[in-house]
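Visitor: Below are the structure tokens for one structure; questions will follow.
Read-outs throughout are calculated quantities, based only on the coordinates presented, and are distinct from any laboratory measurement. All figures in this text were calculated on a predicted structure; none of them were measured in a lab. Note: ideal-geometry Cβ built from the backbone for every residue, glycine included; neighbour counts use all protein chains shown.
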Amino acid sequence: MVTESKCLNIKFENFINTEVDEDLFGKAERVNKVLTSGILTGNEGLGMQLMHKVQPESIIKEKNGKAHSVIMLGSNSYLNLSTNHKVIKAAKDALEKFGYGMGAVSNYAGITDLHRELEQRIADFYNMEDCIVFPSGYGTNVGVISALCHEEDIIINDSANHASIFDGCRLSGAEIKVFPHSNIDYLERILSKIPENKKGRLIITDGVFSMDGDIAKLDKIFDLAQKYNCKVMVDDAHGIGIVGATGRGSAEHHGLLGKIDLNVGMLSKGPGGLGGYCAASKNIVQYLRLYARTYFFSTALPAPIAGGLNEVFKLLEKDKAGRKELLRKTEYLKLQLKNNGFDIGHSESAIVPVMIYNEEILFKLYQELRELGVYVNIVTYPAVRRKECRLRLCMMKDLGFKQIDKAVQIITRKGKEYGIIK
Ligand SMILES: Cc1ncc(COP(=O)(O)O)c(C=O)c1O
């Protein structure tokens with residue numbers, strides 16, 4: 001039985017462990033009772049369904065069956081490539097030719113010429129020797145890190161790195177150090193204390209931070225890596241196609257294209273498909289094909305996705321995917337929100353955080369915005385610290401200025417009602 005006080009105690013971490021006298025599944029029952037109790041938890045989106053392709057105004061069906069239109073500010077398909085007609089055509093062609101699933105891991109019968117073309121395109125995009133494509137973005141980080149690092153090694157992470165990076169680090173068994181978000185002095189303090197004989201050293205950072213939208217100080221990280229003999233891995237999930245002079249990501253932004261050891265990224269966000277990649281030297285890519293267990297032991301990316309992604313990279317290679325339009329609209333959104341008094345952090349990408357700092361207000365705000373026709377993401381623990389909870393707006397290239405204005409107007413009205421802004 002869930003008591004009143006337990007119902008109100010809705011912290012995420014209260015449902016992780018099995019309680020005394022509870023069987024293994026008891027926690028699932030407890031959390032479900034809270035979710036269905038009517039108390040807002042921030043998970044009200046659970047059960048929501050899209051009624052068609054993601055587009056600037058999307059129809060969603062709520063849990064109660066009611067369908068309504070929302071201005072879509074919650075998709076990572078920033079460049080609308082998931083619905084690009086050329087991409088869909090290429091995916092359809094691959095579907096006809098290879099079927100919808102691969103039925104085997106890449107090292108067996110799971111790889112086609114489309115997969116190899118995609119890997120070559122990504123390698124060229126980063127000016128690297130080779131590239132390996134994984135069937136999942138999350139699995140890319142877990143696989144790459146746990147293949148290369150072990151007990152004798154040390155990994156140094158930015159505190160705001162994605163969960164999949166930390167999970168990969170834990171699985172690797174390596175010593176894990178963390179520096180406060182983008183605090184380069186702190187990073188150097190950690191590096192300066194590593195014993196001389198500990199030579200397996202890896203610094204990992206998101207290229208564009210997924211919850212704040214800011215770009216890593218890669219230039220400084222790279223200099224320190226040179227000074228202290230570390231390898232560098234960048235996860236550019238939210239940077240690919242969006243930041244850098246031609247959309248080649250955070251390394252290009254800092255003039256380091258071709259110099260980062262492990263160029264990881266996701267094919268699920270800007271590219272609009274699924275999967276992840278690591279562009280690196282030939283040796284490292286070959287090593288990963290054998291030792292990255294999320295590659296070796298996991299069925300390959302479906303050929304239709306690989307086919308669609310080849311079309312995506314044809315656009316990205318020429319910087320013809322609409323990056324400039326996306327950034328222009330993002331700047332417009334940011335300016336409106338800032339002028340209206342919101343704290344929007346320091347985003348340099350298509351991600352715009354709107355800081356709320358109060359979880360109770362956040363849950364209500366999120367729910368009411370959705371009812372009013374604005375779909376945004378809700379972000380709190382475990383994605384960020386509870387006291388830094390926020391709404392997270394993702395710009396999409398195809399959003400119109402009128403839709404942006406309308407969304408800002410609604411967010412501003414609600415922000416005032418809840419005392420977030422004056
Ligand atoms: C920075 C970062 N890395 C990795 C991932 C995992 O990618 P995917 O969703 O494609 O598994 C995400 C997505 O949430 C991300 O934001």
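Visitor: To the nearest 0.05, how large is the calculated FRET efficiency for ILE16 and LYS402 if R₀ is 60 Å and r is the Cβ-Cβ distance? Write out the running numbers ahead of the final one.
Guide: Values: r = 44 Å, r/R0 = 0.73.
Here the calculated transfer efficiency is 0.85.
Visitor: Give me the extension gain from HIS68 to LEU46: residue separation times 0.36 nm, minus the current Cα-Cα distance, reported in nm with one decimal. Can you show the working numbers first?
Guide: Numbers: separation 22, 0.36 × 22 = 7.92 nm, distance 1.60 nm.
Here the answer is 6.3 nm.
Visitor: What relative contact order, as a whole-number percentage, does segment 244-353 give when Cα pairs under 8 Å and 6 or more residues apart are counted?
Guide: Numbers: 79 pairs, mean separation 17.9, N = 110.
RCO, segment 244-353: 16 percent.
Visitor: At 7 Å along Cα-to-Cβ for each site, give me the label-to-label distance between LYS320 and ILE88 in nm.
Guide: 2.0
Visitor: Here is a further query. State log₁₀ I(q)/I(0) for the chain at q = 0.07, 0.08, 0.13, 0.14 Å⁻¹ as given by the Debye formula over alpha-carbon point scatterers of equal weight, solvent excluded.
Guide: Results for the chain at q = 0.07, 0.08, 0.13, 0.14 Å⁻¹ read -0.35, -0.47, -1.24, -1.39.
Visitor: On a 25 Å Cα-Cα criterion, which of the cross-link pairs LYS364/LYS416; LYS53/LYS338; LYS92/LYS314 come out too long?
Guide: Values: LYS364/LYS416 13 Å; LYS53/LYS338 31 Å; LYS92/LYS314 17 Å.
Over 25 Å Cα-Cα: LYS53/LYS338.
Visitor: Using the Kirkwood radius over C-alpha pairs as Rh, can you work out the diffusion coefficient of segment 123-243 via Stokes-Einstein at 20 °C, viscosity 1.002 mPa s, in µm² per second?
Guide: On the way: Rh = 14.7 Å.
Here the translational diffusion coefficient equals 146 µm²/s.
Visitor: Which value in nm describes the separation of the simple spin-label points at LYS199 and HIS150, placed 7 Å from the Cα toward the beta carbon?
Guide: In this crude label model, LYS199 to HIS150 measures out at 1.6 nm.
Visitor: Just to verify a number: FRET efficiency for GLN120 and THR299, C-beta to C-beta distance, R0 = 25 Å, to 0.05? Could you put the intermediate results ahead of the total?
Guide: Numbers: r = 22 Å, r/R0 = 0.86.
About 0.70, to the nearest 0.05.
Visitor: Oh, and also: Taking 18 Å as the cut-off for C-alpha to C-alpha distance, list the pairs among LYS269/LYS397; LYS329/LYS397; LYS11/LYS33; LYS27/LYS61; LYS198/LYS282 that go past it.
Guide: Numbers: LYS269/LYS397 13 Å; LYS329/LYS397 7 Å; LYS11/LYS33 14 Å; LYS27/LYS61 28 Å; LYS198/LYS282 25 Å.
Result: LYS27/LYS61; LYS198/LYS282 exceed 18 Å.
Visitor: Along Cα→Cβ, 7 Å out, is where each label goes; now give me the distance between the ones at GLU29 and ASN358 in nm to one decimal.
Guide: Here the answer is 3.7 nm between the modelled labels.
Visitor: Shifting gears a bit: With every atom except the alpha carbons ignored, what do you get for Rg and Dmax of segment 255-403, in angstroms?
Guide: 19.1, 53
Visitor: Another one. Send over the semi-axes of segment 83-317's equivalent ellipsoid, whole angstrom and largest first, taken as the square roots of 5 times the C-alpha gyration tensor eigenvalues.
Guide: Semi-axes from the Cα gyration tensor: 30, 19, 14 Å.
Visitor: Rounded to the nearest 20 Debye, what is the dipole magnitude of the chain about its Cα centre when Lys and Arg each give +1 and Asp and Glu each give -1 at the C-beta?
Guide: On the way: 55 positive and 51 negative charges, 214 e Å.
Roughly 1020 debye for the chain.
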